[in-house]
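Taking it in order: structure first as structure tokens, then the write-up.
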Amino acid sequence: MRSIRIPWTAVLVVVLAAVPAWTLPREAVHPSDDTEVFTGAEETARGATPARPALGYWKVRLTLRVPATERAVRVGVLMPLSDGRQDVLGRRVAAPGFQFRESVVTPNQRAEWTAERAGATAVTYDLAVRVVETTATPIPADPIASLPRPPEGEAALAPTPRVQSDAPEVRRRAQKIVGRATRLDEVIWSLYQYTAAFVPAADPPGPQDAVAVLAARRGTSLGRARTLTALLQAAGVPARLVGGLRLGTAAEKRATNSWVEAWTGSRWIPLDPAGGYFATLPTSYLALYRGDLPLIVHTAGVDVEYGFAIRAATRRAVEEGEEDEEGALPAGRRPVVRGAAQQPVETHTTYVSEPVASVVLIADQSVPAAVTDRILAEAHDAAINCVLLTARFESRYFRESYLERLVMTNLPLIRQAHLVLVATADDAGLYALLGLGERNVRLDDARIIAAGAMGRPAALMLGSLLYHLTQPGEVVLVNGHTDLLPLWELARANLIDGTPMAEEAARWNIDALVLGEAGARLPSWRRPLMLLWARAVRAQVPLSALTLILILPIIASLVVIARVVVGLETFGTFGPVIVSLAFITTGLQWGLVIFVVIVGLGVLLRAALQRLRLQAVSRLAILIALVSAVMGGLTLLGAVLGIGPLLNISIFPMVIMSNVIESFAASQVELGTAEALRMTGATLLLAVACYLVVDQAGLQSLVLAYPEVLLATVAFDVLLGKWRGVRLLEYFRFFRAVRHGRADAVAVSPGEAPRS
Amino acid sequence: MIGALRRVRSEMLGLNRRNHAYLFAYNPRAGYRVVDDKQATKSALDAGGVAVPALRDVCDAQWRVRGVMARLAAEREFVLKPARGAGGAGIVVVVDRQDERFVKASGAMLRARDLAAHACDVLAGTYSSGGRTDRLLVEELVVPEPVLGALSWRGVPDIRVLVFRGVPVLAMVRLPTRRSDGRANLHLGGVGVGVDLTTGRTTFGVRGGRPVSDHPDLGRPLSGIEVPAWHDVLSLAVRAADAVRLGFLGVDVVLDRRRGPLVLELNARPGLGIQLANRRGLRPLLERLAAQSVPGDVSARVALGQALAYDCGSSR
């Protein structure tokens, strides 16, 4: 009876493991028991007239001086992110003795240093930034009532303790200032004008919250920004505070600056009542964070000092990481914004203010990060907007499904792209793009360049299908995994100089198949098939699932080989096939783990059930209950521990697993434990073999290009079905009998035959 | 090495060839239905005048279990078998009585209600393949005669005779061991010993695919033992094959101390391990037999089988 308890213990363990995760508090932007540093001092001077040219390059170094302490120290700082106006082109952190962690707390990026104890340390954070001057954007003259919500939702309208947009005096004042105006541009302008006229204050004359500043009509940039935010919100315009830095050469600057962003229905526009900027900002403004937040938070009682050192820089110095005095950036590599740890699924973007073109880059693990970094940097130089979608998985199925998900979530970007460059190890990237057809996305004049190992006929079919579905200008297919950089050169030449793809490909010695108006075409007798696939895609039939079905006969033939030619004995004829399909969704390693766990527990439970003497049907039902409990438990475990493949378990075929358990038990009774284990091993072996075949790149495209392959498998099955040869394992079995067969036979039974 | 592999290919019968050339060609579907049900086999053999362990009782519905148990209360020794069981599962052998209790072959005691519960399980299909409902057969107990009985660890040894077109081709004795738990099945760990068809003498032992010379539990040598009533065993196997009209089958014969050779079971998909115990391949025998005409008389066919075995054995 003991083994019956096992599944419940497993479930209990899962539940217990899940509890701490539920009770953990969600991480706040800054923990509240720490010292908060909002700003050092205020700048009162009105901003200088915007500097020309409209592009500023700066190097900024934040230095945090942490005194020696025996206590655990934590320092958190909000650091800038790239947005449409500013680009962070390089980051470097030096913090001897500290652990460093960077995380995105939407919409901000938070850097955090921790140490158990520390000697006196200077922590530095270097930034290379480029700031573009925003031209004064006209505010739409729409009625406020019809203003769409900002993506952040209600947060941009909610009052806070220091931005009291719901205080009666704020509401009354907003009402009075706005008067009868209902249009967005009038409301924002009148409220901006009102707060811009406040008397500046260098040292905070009192509490700098919205109500106090409104009453005194005097305040710091922070106080006035809070007031404007509160007034805008009270008038029904979503608004948020921005904390930033005014850039200008300085050795040690503590002062930060605050301004406001108001939502105008499609974008946030900057308003700086203290600096006197309406709907525009000069290149000397660097936004550090959004929201009414402290810039720095550190452990209470530890006296952390900070300062920004700012230098104007040149494009070469910033973008090419040219070594100068201190070398704030690593040399030899162009800086690109990149998270601390490389994730399997990532999206990177570089935006320029006036792009000449935009490019979507789809890559997998076969493209090294250095190459994509370089392309992003070059795109930047050539004023090309670039979006990079990467999914790094060895498993083809995972790669394809994640790339497809990335494509789907970036549809608007892809729709606008002039060029889509796909570089995957095989045809996974192309399949991901076929998802565009499902959504009826037309790429119009855009070019698609796809590189990856695929056979020419398959590439022709797949490329024609993509061409037919998305109607791009051209589809260029490059067989074999070519280095991405020549392809990029090819694309860039096409985009910037208008060089025809075919010509450029010849120049770079690339074996390219160009599909388009004048390019290669599918043979006319194959076109109906292509149109059929296109109809399927348009009807939302997932092509990958369809091809998986078409691959099944091929692996079924594989099973026939394993049984008839090799002589493997497995549980159920096609059980291994279905188990292998399950492996695809979980990945091989986890698939094997799950299989062994489930079958192991199942066999133990089956042995326990044997004593209850149940009928076969109810026994099987109980086994299914066990299998689902284990699968559910593993799924929860995956959720708690963050193991993705375990979450895909739900597709693991439960009934098949129950049958494997039952077959195991049956063979254990009939053939003995050793034989049953041997059969389990054979089943697993065959399942793994099938998995490796199904996950093969070329196969999917093969059945798509030549569905008649199925007839060949049938012919093959007929041939094997007729085969009478000795199975491979039978050679082993009979070998010994033949070896010392006849000699002994004569010795033991000398010719005593009744007749000779 | 290469020569040996070539001989495997040319002389040994593999599963593929067994299925194609012999099962499909010589065994009609109807024959399987008879052979896969022990009760049907028994009546077919009875009708053909082949000696079988007597069928004492049949229970084919749960509500009849009580009646059957009441009749069993008077019996001292018997065997309970599921009609569609495979591999010896679900068989209970009762060898004695102690007061109200039944003594199993292993020495364990059973109460009447344990037997009734077992009967219900059998009827529910616990031991039948695919979980189909089943019937319970009550059979006469077979007591092994001493010659082969002395070579068995508990249980009953049997003689598997492979019969093709009504002619015996190869034979082996199957001996229960401790590992096979008193059952004679080779894949459970029983020992197979080849028998020279002409002399009825045992030749080589094999267990789990490896040669053995002595019984692993009893230590007695396996070869050179003369199987009693050898000619009767062979002619009984031939008549059993005639009774079910299967062209290629394995006949399991037991030697009862009181009644002599009895046919215990038939197998329409005989395993190929018999080639290991005899250290010779089936193909030369079967192919010669397939090409020649077969006499009608039973003893002539036994003689033909013996002659073939001798010819093929000495031809090389």
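Only the coordinates and a few stated rules stand behind these numbers; no lab work does. Remember, it's a predicted structure, so these values are computed and weren't measured experimentally. Positions of Cβ are generated from backbone atoms using ideal geometry, with glycine treated the same way; all protein chains shown enter the neighbour counts.
Below, the figures for the structure above:
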| item | result |
| --- | --- |
| Residue order, fewest to most beta carbons within 10 Å, for A:F398, A:F732, A:F278 | A:F732, A:F278, A:F398 |
| Distance between modelled label sites at B:R178 and A:A94, nm, 7 Å Cα→Cβ extension | 7.7 nm |
| Using θ = phi - 60° and Karplus 6.51 cos²θ - 1.76 cosθ + 1.60, couplings along the range B:242-247 (whole Hz; Gly, Pro as x) | 4, 5, 9, 6, 10, x |
| Candidates per trypsin sites (Lys or Arg not before Pro) in the range B:229-291, loop by DSSP, up to 16 other Cβ within 10 Å | B:R245, B:R257, B:R258, B:R259 |
| Nearest-20 debye value, the range A:345-541 charge dipole, Cβ charges on Lys, Arg, Asp, Glu | 820 debye |
| Extension gain (nm, one decimal) between A:T409 and A:E70, 0.36 nm per residue minus Cα-Cα | 117.2 nm |
| 15 Å beta-carbon shell around B:P28, net charge (K/R +1, D/E -1) | +3 |
| Two-site FRET efficiency, A:R521 against B:A25, from Cβ-Cβ distance with R₀ of 56 Å, rounded to 0.05 | 0.55 |
| Farthest toward positive dipole pole in the range A:544-734 [+1 Lys/Arg, -1 Asp/Glu at C-beta], among A:G725, A:L546, A:L637 | A:G725 |
| Fraction of alpha-carbon pairs over 31 Å apart in chain B - percent | 30 percent |
| Paired Rg and Dmax values of the range B:55-139, which use every Cα atom, in angstrom | 12.0, 38 |
| Reachable lysines from A:K253, criterion Cα separation under 26 angstrom, eight or more residues apart if same chain | A:K59 |
| FRET E, pair A:E102, A:D185, Förster distance 51 Å, beta-carbon r, rounded to 0.05 | 0.85 |
| Fully extended contour minus Cα-Cα distance, from A:R535 to A:A625, at 0.36 nm per residue | 28.3 nm |
| Cα centre as origin, Lys/Arg/Asp/Glu Cβ charges: the protein assembly as shown dipole, Debye | 3700 debye |
| Mean shadow area of the protein assembly as shown over all directions, Cα convex hull, nm² | 59.3 nm² |
| Long-range amide H partners of A:Y277 with built H, under 5 Å | A:D272 |
| Inter-site label distance for B:R56 and A:I549 at 7 Å from Cα along Cβ, in nm | 5.9 nm |
| Two-decimal Rg to Rh for the range B:159-282 - Kirkwood Rh, Cα set | 0.94 |
| Extension gain from A:E116 to A:T673, taking 0.36 nm per residue of separation minus the Cα-Cα distance | 195.0 nm |
| Under the Karplus curve 6.51 cos²θ - 1.76 cosθ + 1.60, θ = phi - 60°, whole-Hz ³J(HN,Hα) for the range A:556-572, x wherever Gly or Pro sits | 4, 5, 4, 5, 4, 4, 4, 8, 7, 8, 7, x, 6, 9, 10, 7, x |
| Zero-based 10 Å bins, Cα pair distances in the range A:544-734, whole percents | 9, 31, 33, 21, 6, 0 |
| For the range A:544-734: relative contact order, % (alpha-carbon pairs under 8 angstrom, 6 or more apart) | 40 percent |
| P(r) of the range A:233-309 over all Cα-Cα pairs, binned every 5 Å from zero, in whole percent | 3, 13, 22, 21, 17, 10, 7, 5, 1 |
| Nitroxide proxy distance, nm - points 7 Å out along Cα→Cβ at A:L485 and A:A312 | 3.5 nm |
| Proximal lysines to B:K38, defined as alpha-carbon separation beneath 17 angstrom and excluding residues fewer than eight positions away on the same chain | B:K81 |
| Rg/Rg_ref, the range A:348-454, where Rg_ref = 2.2 N^0.38 Å and atoms are Cα | 1.00 |
| Only Lys, Arg (+1) and Asp, Glu (-1) charged, at Cβ; chain B dipole about Cα centre in debye | 880 debye |
| Nearest-0.05 FRET efficiency for B:E100 and A:D717, computed from C-beta distance (R0 56 Å) | 0.40 |
